[in-house]
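For reference, the structure is listed below as structure tokens.
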Amino acid sequence: MTWRAAAGKPLEDAKMSDANRLLFLRVALIVIGLTFIFGIYTLGVLWPSGWAWGQEHSHYLMMIIGVYATLGVFLLIASRNPYAHKSLIWFTVWSSVVHGAIMGVQALSDPAERGHLVGDVPALILVAIILAVLMPRGLQKVESGPHTVPA
């Protein structure tokens, strides 16, 4: 049996229960979904050096807001039954990693975009980490049907 040094309790006791994992995942999906819908535009206006790419007016910001607001709506829908929307959640994880990595490289190579290294780049990586950690492990029963599917 593995023991945690500080608490003297078995490591198994420190694991998150499936019910808590599901609850935290639902909350995270709601918070991230609402942030994608309302927060990206707001942050782009209030903190453009960390959230709005390019100089002066850019059509890019409105395009990215449209894409992320749409994803945000679907994350809100997924929050009702995350097990039935695992592929959407994993898409959000991996697309956030890829998008954040690309933006990080671009921010490093363009001194005018360095503010993104403390803005949208770490925010996307954080979204990926939170959702990946909270995703269910093992086999779960999807609420909409009788079949057991791998998580």
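Observations on the structure shown:
- Residues within region 95-128 that are loosely packed, with under 13 Cβ neighbours inside 10 Å and either aromatic (Phe, Trp, Tyr) or within 21 Å of residue 23 (Cβ to Cβ) (or both), tallied: 0
- Checked against the criterion of being under 24 Å from residue 36 (Cβ atoms), at pLDDT 95 or above and not in a helix (DSSP H, G or I), region 95-112 has no qualifying residue.
- Test: residue in region 29-51 that is without any contact (Cβ under 8 Å) to a residue 24 or more places away in the chain, more than 19 Å from residue 125 (Cβ to Cβ) and not in a helix (DSSP H, G or I): no
- Residue satisfying all of: in region 5-48; over 30 Å from residue 67 (Cα atoms) and surrounded by 12 or more Cβ atoms within 10 Å (Cβ to Cβ); modelled with the lowest pLDDT among these: 10
- Some residue of region 70-85 being out of contact with any helix residue (DSSP H, G or I) (no Cβ under 9 Å at 6 or more places or on another chain) and among the small types (Gly, Ala, Ser): no
- Members of region 62-72 found to be closer than 9 Å to residue 37 by Cα and loosely packed, with under 14 Cβ neighbours inside 10 Å, listed by number: 66, 70
The values are calculated or read from the model by the stated rules, or taken from the named source; none is laboratory data. As the structure is a prediction and not an experimental result, all values here were calculated from the model. Positions of Cβ are generated from backbone atoms using ideal geometry, with glycine treated the same way; all protein chains shown enter the neighbour counts.
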